[in-house]
Amino acid sequence: MIIELLKPINEEEFNSLKSKKSGSIGEEIQIYTENLGFPNLDSTDIAIIGISETRNSFFESTHFNLSNLRKEFYQLNLGKWKKSISDLGNLPNGETTNDTYHAISELCLFLRKKKYNHNNSWGK
């Protein structure tokens, strides 16, 4: 299954990311770690995946840090909308950029089908 490619956020990083700010995304987000396990996709409205692929980027960088991005994102105010967010961890780079692009496409298709099937099962 394609989600098995995703790597959990390590516990040390997780502890530094969880927001203490009341009303922040970090206070509510479900995070994939080894201890917590994979978030429940049936209750997830928005999924984020860390992707560090930069090989075909205009500004290619070897110093891309997903932890810094997450730290800033988790501090944002959640607002009044009622959407559940799950951080599904990181997708490792493929052997080639095409491998990475293919994995991203497959993950998106899987998540879309999962959400579609979940949303349409209640009426049956």
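FYI, it's all coordinate maths here, none of it is from the lab. Just so you know, these numbers come straight off a predicted model, no measurement behind them. Methodologically, a virtual Cβ is constructed for each residue, glycine included, from the backbone with ideal geometry; neighbour enumeration extends over all protein chains shown.
Roughly what % of Cα-Cα distances in the chain sit above 20 Å, to the whole percent?
Within the chain, distances greater than 20 Å cover 49 percent of Cα pairs.
Under a straight-distance cross-link criterion of Cα-Cα below 21 Å, which lysines are reachable from Lys18, leaving out those fewer than 8 residues away in the same chain?
The reachable lysines, counting only those whose Cα sits under 21 Å from Lys18, are Lys7, Lys71, Lys80, Lys82, Lys83.
Loop-only check: which GluC sites (Glu not before Pro) in segment 43-80 are DSSP coil with at most 16 other Cβ within 10 angstrom?
When the GluC sites (Glu not before Pro) of segment 43-80 are filtered for loop state and at most 16 Cβ neighbours within 10 Å, Glu60 remain.
Put +1 on the Cβ of each Lys and Arg and -1 on the Cβ of each Asp and Glu in segment 1-92; which of Thr33, Phe58, Leu5 then has its Cα farthest toward the positive end of the dipole?
Phe58
Which FRET efficiency value, to the nearest 0.05, is calculated for Glu27 and Ile104 with the Förster distance at 25 angstrom and r the Cβ-Cβ distance?
Calculated transfer efficiency: 0.35.
For segment 1-101, with only Lys/Arg (+1) and Asp/Glu (-1) charged at the beta-carbon, what is the dipole magnitude about the Cα centre, in debye rounded to 20?
540 debye
Please check the chain for the longest run free of chymotrypsin sites (Phe, Trp or Tyr not before Pro) that are loop-located per DSSP (anything but H, G, I, E, B) and have at most 15 other Cβ atoms within 10 Å. The partial results should precede the final answer.
Working: sites that count: Phe58, Phe59, Phe64, Trp81, Trp122.
Here the longest segment lacking exposed loop sites spans 1-57.
In terms of Cα to Cα distance under 15 Å, which aspartates and glutamates are near enough to Lys21, apart from those fewer than 8 places away along the same chain?
Glu72
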